[in-house]
Amino acid sequence: MQYANFNFNIPAGMRRIDTLVLHCSATPEGRDVTVEQIRKMHLKNGWVDIGYHYVIHLDGSIHLGRPLNQIGAHAAGHNTGSIGICYIGGMDKDNKKAMDTRTPAQRAALLELVQQLIRAFGPLKIYGHNQLSNKSCPCFDVPSWVQSSHLLDSVTLSYPQKSSNPVQPKWYESVFETIKGIFTNKPQKPKPETEDTSRDPLPRSIPHPDKPIPLPVEENVEELDAPENPGWLDTLED
């Protein structure tokens, strides 16, 4: 399966993640919707970017939304430590009834994505949006899905085990102290009167790429493209 624009590279300086929240786009079954269309809707409502971090298209391709090191806007009161994942769909073809419209490709992609995120961040709490707010989203039973998929099975996911520090012999301590003394007593070079910035990797006015990009905290912002707001896409395209 191909994952468009998708990788599991976790940026340095990443914020702490303890939760995944699953969503749907609240669009008719079988209708293609892009990340840019959702982003346009969220920007229209005054947000700084698309609220979700990942969007899964009908063909199972996984697309990046808001950068992982930025707080999302998808589940009020739960945005700070979470990653928001949205699959396209969630409404019947007439756009009147909320339902689980995930295609086989979307089901496989969602499972793979969640497994990879658990491998990257360790054991995570996994919720459907309807468990955190009075909504139908994501229109399927997430707790049952988590249990049947064995997502919290540490043996299946093969979490890396932390090795304990080995006990060092006595001679190691004496050698360590000798080396430490050499470097501790090493004469320091005098600092130049003017600071030399010619070797700085980046101009000081540009944030280092490994640091989170500063953005307004949107902890209490919640997705607006939910089953309780059908027809948002048609309104956007008018």
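The values are calculated or read from the model by the stated rules, or taken from the named source; none is laboratory data. Keep in mind the model is a prediction, meaning the values are calculated, not measured. Cβ atoms come from the backbone with ideal geometry, glycine included; neighbour counts cover every protein chain shown. Areas reflect the complete protein model, heavy atoms only, side chains present, ligands, DNA and RNA absent. Shrake-Rupley method; radii C 1.70, N 1.55, O 1.52, S 1.80 Å.
When P123 is tested against (1) open to solvent by 50 Å² or more (accessible area, probe 1.4 Å); (2) in a helix (DSSP H, G or I), just one condition goes unmet, and that condition is (2). Return the residues of region 120-156 that are of a type outside the set (S, T, N, Q), modelled with pLDDT under 85 and over 17 Å from I85 (Cβ atoms); say none if nothing qualifies. The answer is D153, V155. Considering (1) at pLDDT 90 or above; (2) open to solvent by 30 Å² or more (accessible area, probe 1.4 Å), say which one G60 fails and leave the rest. Among (1) at pLDDT 90 or above; (2) open to solvent by 30 Å² or more (accessible area, probe 1.4 Å), G60 violates only (2). Checked against the criterion of being under 18 Å from S144 (Cα atoms), part of a helix (DSSP H, G or I), out of contact with any strand residue (DSSP E or B) (no Cβ under 6 Å at 6 or more places or on another chain) and not hydroxyl-bearing (S, T, Y), the candidates Q115, Q106 yield just one match: Q115. If you scan region 41-64, which residues turn out to be touching a helix residue (DSSP H, G or I) at 6+ places or on another chain (Cβ under 9 Å) and of a type in the set (G, A, S)? G51, G60, S61 - these are the residues of region 41-64 that are touching a helix residue (DSSP H, G or I) at 6+ places or on another chain (Cβ under 9 Å) and of a type in the set (G, A, S).
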